[in-house]
Amino acid sequence: MMKITVHWTHFQTRAEARQKIFAYIEGFYNTRRIQKRLDYLSPLQWLKRWNLSLQTSVA
């Protein structure tokens, strides 16, 4: 994804390139990569598991 986003795209300005790279990192990469501090889950997986545990404890 990143290769396509950056390597095959012609950006008009550096600011546009920075914005696209930031959007990729914050919107895609950081939400999906596994993290040791989250018990080797991605933030999205961890959040789903946490929400399920809340629902189970309330029910």
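The values are calculated or read from the model by the stated rules, or taken from the named source; none is laboratory data. Small disclaimer: the values here were computed from a predicted structure and weren't measured. All Cβ positions, glycine included, derive from the backbone under ideal geometry; neighbour counts span all protein chains shown.
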Filtering region 5-48 down to residues that are in contact with a helix residue (DSSP H, G or I) (Cβ under 9 Å, 6 or more places away or on another chain), basic (Lys, Arg) and without any contact (Cβ under 8 Å) to a residue 12 or more places away in the chain yields ARG33
Quick count over region 9-26, residues being of a type outside the set (Val, Ile, Thr), surrounded by 10 or more Cβ atoms within 10 Å (Cβ to Cβ) and part of a loop (DSSP other than H, G, I, E, B), is 1
Of the residues in region 27-59 that are among the hydroxyl-bearing types (Ser, Thr, Tyr) and either under 14 Å from the mean Cα position of the chain (by Cα) or not in a helix (DSSP H, G or I) (or both), the one that is modelled with the highest pLDDT is TYR40
